[in-house]
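This report concerns only the one structure given below.
The values are calculated or read from the model by the stated rules, or taken from the named source; none is laboratory data. These numbers were taken from a predicted model, which means no experiment stands behind them. Neighbour counts run over all protein chains shown; Cβ positions are idealised from the backbone, glycine included. These accessible areas exclude ligands, DNA and RNA; they are computed on the full protein's heavy atoms, side chains included. Shrake-Rupley method; radii C 1.70, N 1.55, O 1.52, S 1.80 Å.
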Amino acid sequence: MNAIHISKNIFFILMVSLLVLSACSNEDDPFAGTDSYITSFSLQQGETVFNAEITERVITIKVPEGVSLKGATATVKLSENASIYPDPAGIIDWDEEMLFAVTAYDGMTQLSYKYSVNRAQIDADETVILPTQADVDAFGASGITAIGGSLIIGSVTGTDSIRDLGPLAKLKEINYSLTIHPTFAATELSGFDALEKVGGDIYSTAANMEKVSFPKLESAGSIFFKNSVLGEVVFSWLENVSKSITLQCPLGGISFPNLKQAKSIHLEDRDAMITSVAFPSLEKAESIIVYFLPSLTKILLPELKEVGNITLNWLTVLAFVDAPKLEVSTGTISLPDVSKLSELSFPEMRKANEISIKGAEVGLLHFPKLEVITNLTIQNTTLSGISNGFDKLEKIEGELRLMEMPEMKTLSIPSSIKRIEKLTIYNQNVDRNFAEINIKGMNLGELSVERDAVNGIKIIGDDVFHGTLSFDTQNGRTYDWVSPVFEGFREIDSISYGIYISNLRNLEMKGIRKINKGFHIPNNNLTALSLPDLEEVGGNFVINHLSSVSVEDSVFVIPKLKSVGGDFRITTASAGINALELPLLESISGDFIIGTGYASTSPWDPNGRDMKSLSFPALKTIGGKITLKPYLEGGDNYINERLTDMDGFSSLESVKGVEIVRHQGLVSYVGLKKAISSFPATAWNIRDNGYNPTYQDLLDNKWVKP
């Protein structure tokens, strides 16, 4: 209010005071007339009524920003018979502050009131539902600028009815979610010209939307749009999305020029025409997923410094991924199987969790500052090696997986690497490219050779290899693989052949003398198995089901094995094996378990599969018990008819117990004479054999069936 206006009000109040002082009171009137209050005050502008708040003689009208009160009509209630100056009926400009004087009926009592306008947000505390265009219009007329709950526009079903959201142009904040239902009929989602914040989700599957525009939105919980026509999405000032951005629509272009952070971004649609995806200000995201954008050639992330996952797939013409400032990836970066990418460069990346690089066009990798990665997979590329492009890579904490790389003829890895926890060589869909794998001098936890790469491969290593050799011999393209060849490897920590040997026919482990941990031959299709140099196994020694193996003179021999640090377990069940012989084996720390094979009445197997001889002439100590059964996993219908004696255990001095069942030809236990005193009678379990003496019978020297 200007100075002249204030002076006039003060002058009028003084004049009224003089009149009151000069008036005479009527002491006989029962009505005292001493109250001079404004009891209510409101302004009406058009159809909208603004009720004032009166506190300590201050009249406050709260109106939305941008709403003018010029020309409004005032309704004022006073104390009985009181008067007010200036007369509100004569005031036009209610946008200015002013003073009112209220004089009581007695003419002597007077109070002054200050009038002011508070231009602030008007809140709707609850969720607002606007199912029709009329509801949208009425809400806009209310002047509300903030919604404490959610805003729901349209209905899930029904006739398209809402075409204009222009009346919402003053709305600044939605505390929870914004939902646009399918009855929103307009082709452009606009009208939120002042909206700055949506605390929850922005969600719509409205079918007609071709363009979405939020020119001033700065933050949101999540953004989700899905339909078959939406081509353009513009969020000009959006900086932060606390959850996800999901656009599943035929995009032609997107604009997020100020987006700095989002938990996840997901773009996907098989009909999209977009050729470039750019987030020019994005610095951090937990996940970026781009699928099925058939025209996409570029992904530009110039400010991205930290990311969880980047998942790219079904992007057949993608030729360029740019993230020049990316330093850390905590999830997985995965490239499409088929694309036009010829190189991948992350010049500032120092640490990554997992990177999967695929594509026949990829010929150049550039990770000059990468020092540590958990898992690195390179598959179906034209690379001849990875010795270049990883200048500072020192450690692969998980697995380096090289798959289907026809140009890599020899193992080529960065010289800077000090430790690889696991190296996997895999071939199945291309001809085997490696003639040999040389890991000599490498600090390697495990070498795994998989599928067709196993066939005839030569593996060169140090004489002492403190790691594991693993072979996956399943699902190859042929079934006549020959054994890997070992050079070096006199001592290794462990060796594994997976859960089933299906394609490998001949396995010869020549040169390996000591296995520090366990050794396991799983169920298999082997026709030949040779362990000519093995002397010591630190853990369990297990050979399962040599059902197809044939050996010279039908005697399966492990000629040099002297000790086993765990259980010793062999199952033969082969028509080509009649005897098992380990001439130098002296000690077994665990149990001794043999599946001795079983007789057969089948015309397809007339000779049976039961062994007739077990020979362990040097074996003195078994830390557990002896178990002999025809078939370890079978029931009582399996019977061995050929084994007649236990003479092959004549040197055995110590064992914890003996269990021998269903050997109908077994009539002599003389070979256990030296061991009988090393275990109690309760540990003697003999049944269904040709001779079943009790423990006392043996003490009474009844070792042979009478």
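Data for the structure
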item	result
Relative contact order (percent, whole number), region 113-256, Cα cutoff 8 Å, 6+ residue spacing	16
Dipole moment magnitude, nearest 20 debye, the chain about Cα centre, only Lys, Arg, Asp, Glu C-beta charged	2980
Carbon and sulfur %, accessible surface of the chain computed with the full protein complex present, 1.4 Å	47
Furthest towards positive pole of dipole, I570, N607, L534, structure part region 512-650, Cβ charges	L534
Lys, Arg +1 and Asp, Glu -1 on Cβ, resulting dipole of region 393-480 about Cα centre, debye, nearest 20	140
Net dipole in debye of region 533-617 [+1 Lys, Arg Cβ; -1 Asp, Glu Cβ; about Cα centre; nearest 20]	180
Phi to ³J(HN,Hα) by Karplus 6.51 cos²θ - 1.76 cosθ + 1.60 over region 414-422, Hz, x for Gly, Pro	x, 5, 6, 5, 9, 7, 10, 5, 8
Most positive-pole-ward Cα, S116, A618, N227, against dipole of the chain from beta carbon charges	A618
Charge dipole (the chain, unit charges on Cβ, about Cα centre) - positive-most of L168, G597, I457	G597
Ranked by how many other beta carbons lie within 10 Å on average, peptides 558-571, 332-345 from highest	558-571, 332-345
Cα gyration tensor shape for region 372-488, rounded if a/c is under 1.5, else prolate or oblate	oblate
Cα-based helix-to-principal-axis angle, 3-22 vs the chain, degrees rounded to 10	60
The chain, relative contact order in percent, only Cα pairs under 8 angstrom and at least six apart counted	4
Surface accessible to a 1.4 Å probe, per residue, for the residues of the chain, Å²	44
Of all DSSP beta bridges in the chain, antiparallel share, percent nearest 5	10
Rounded, prolate or oblate (a/c below 1.5 giving rounded, otherwise prolate when a/b exceeds b/c) for region 476-551 by Cα gyration tensor	prolate
Nearest-10 value in Å² for the accessible area of E80, using the 1.4 Å probe	120
In order through region 490-506: 3J(HN,Hα) via Karplus (6.51 cos²θ - 1.76 cosθ + 1.60), integer Hz, x for Gly, Pro	5, 9, 9, 6, 7, 9, 9, 10, x, 9, 6, 9, 9, 9, 7, 9, 10
Ordering of 177-184, 211-218 by burial proxy (mean other Cβ atoms within 10 Å per residue, highest first)	177-184, 211-218
Degrees separating the helix 133-142 axis from the principal Cα axis of the chain, which is the longest one	60
Amide H contacts of V338 (H built 1.01 Å from N, under 5 Å, at least 5 apart or other chain)	W314, L315
Of (i) 91, 33, 23; (ii) 63, 36, 21; (iii) 54, 34, 21, the label for semi-axes √(5λ) of the Cα gyration tensor in Å derived from the coordinates	(i)
Spatial separation of Cα centroids for region 682-706 and region 324-376, in angstrom	69
